[in-house]
Amino acid sequence: MSDKFVKFEIQSIFTPLAIIIAGAIIAGGVYFGLKSGDLKVGNNDNSEVAGTQNANTNTNTNTNTTTVTTTIGDDPLIGDKSKAKVAIVEFSDFDCPYCKKFYTDTFEQIKTNFIDTGKAVFVYRDLPLPSLHPHAEKKAEAGSCIYSISGTEAFYKYFKAVEEGSITDDAGLTSLASTLGVDSDKFADCFTNSKMSSEVQTDAADAKKAGITGTPGFVIGTLDSNGNVTGTKISGAYPYTTFETTINSYLK
C-alpha cells in the first residue's frame, strides 16, 4: 500500500470525526450555559467578535449564578402580559451593531412565534454605551419621550425606524418623532430638557444589577405578578435557535 493511499485514508477518517467532536463541544457549551443561568458569546462581554459591545475594557461579567432577576419596569412592552408565562427583557443601545443584528436576524422570529402567540412578552430597556456611541443616550431619551407621550405602538415604530435607519443628530430624532405623529411641542419640551434622562439611567442601573454591562443583553425567564423576571441571562446576538431553546425551557 502506497504512502499516498495511507494518507488519503487517514484524512478521510479524521476530517468528519473532527467535525463531530467540534459540534459536540459547541452543543455542550450551550446546554451548560443555559443550565447555569448565564449564557454568553465568547469569553467576556468586551469582545466585538463575541457579538456584544461593552464600555468597560477589562471586565468579565460572567457571574456564574444559577439565576438572574430583573424587572420589566415601566418600559415599552409588547405582548399580552395577562397570558404570557415568559418575559424577554432586552437591555440595548440604539447604536450598537450587534443590537441591530439581533433586530434584523432574530427579533421578528421571536415576535411571530412567542409574542404574537401570547406565550411571551418583550420589553425594551435602555443601556446606552456613550463611550462607544456618543449619540446613544440621546436616542434612548428620544425613545423614552415618544413612549411617554404617545405610548407603546409609537415607541416600537421609533425602534424599527432607528434600527433600520442612520440618524446621526438630534434634528433627525426630532424629525422622526414628528413623522411618527408625536406632538411636536410635547416632544420638544421632553427631549430638549432631557426629562427622560433619569429613566434611561434607571434602566442602565437595573442592567448592572442583573450583571449586564454589554449590549445586547437579555434576561429571559418567568414573569411574576409584580413584574419581576427571574431566569437566564444571555449576553450577545445569538441566533434565533438559542433564544427559542431558552424561552421554551420556561414554558414547560
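What follows is calculated from the coordinates using simple rules that are stated; it is not laboratory data. Computed from a predicted model, the values in this text were never measured in an experiment. A quick note on method: Cβ atoms are made from the backbone with ideal geometry, for glycine too, and the neighbour counts reach across all protein chains shown.
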How high is the FRET efficiency between SER249 and THR168 when r is their beta carbon distance and R₀ equals 45 Å, given to the nearest 0.05? 0.65
Kindly work out what percent of the DSSP beta bridges joining two residues of region 37-251 are antiparallel, to the nearest 5. 70
Using a simple spin-label model with points 7 Å from Cα along the Cα→Cβ vector, what separation in nm is obtained for SER197 and ASN228? 3.2
Please state the charge dipole magnitude for region 160-249, taken about the Cα centre, from unit charges on C-beta atoms (+1 on K and R, -1 on D and E), reported in debye and rounded to the nearest 20. 360
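When Lys and Arg each count +1 and Asp and Glu each count -1, what net charge do the other residues less than 9 Å away from HIS133, Cβ to Cβ, add up to?
Charge balance near HIS133 sits at -2.
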As a quick test, which of the pairs LYS119/LYS195; LYS83/LYS186; LYS83/LYS233 have an alpha carbon distance above 30 angstrom in this structure? LYS119/LYS195; LYS83/LYS186
Which net charge results when you count Lys and Arg as +1 and Asp and Glu as -1 among the other residues whose beta-carbon is under 12 Å from that of ILE167? -3
Report the net charge of residues surrounding ASP116, where surrounding means a beta-carbon distance below 11 angstrom and charges are Lys +1, Arg +1, Asp -1, Glu -1. 0
Taking the Cα centre as origin and putting +1 on Lys and Arg beta-carbons and -1 on Asp and Glu beta-carbons, what dipole magnitude results for region 37-251, to the nearest 20 debye? 540
Approximate spin-label separation LYS83-THR104, in nm, with each point projected 7 Å along Cα-to-Cβ: 3.2
Segment ASP185-ASN113, extension gain: residue separation times 0.36 nm, minus the distance between their alpha carbons: 22.1 nm
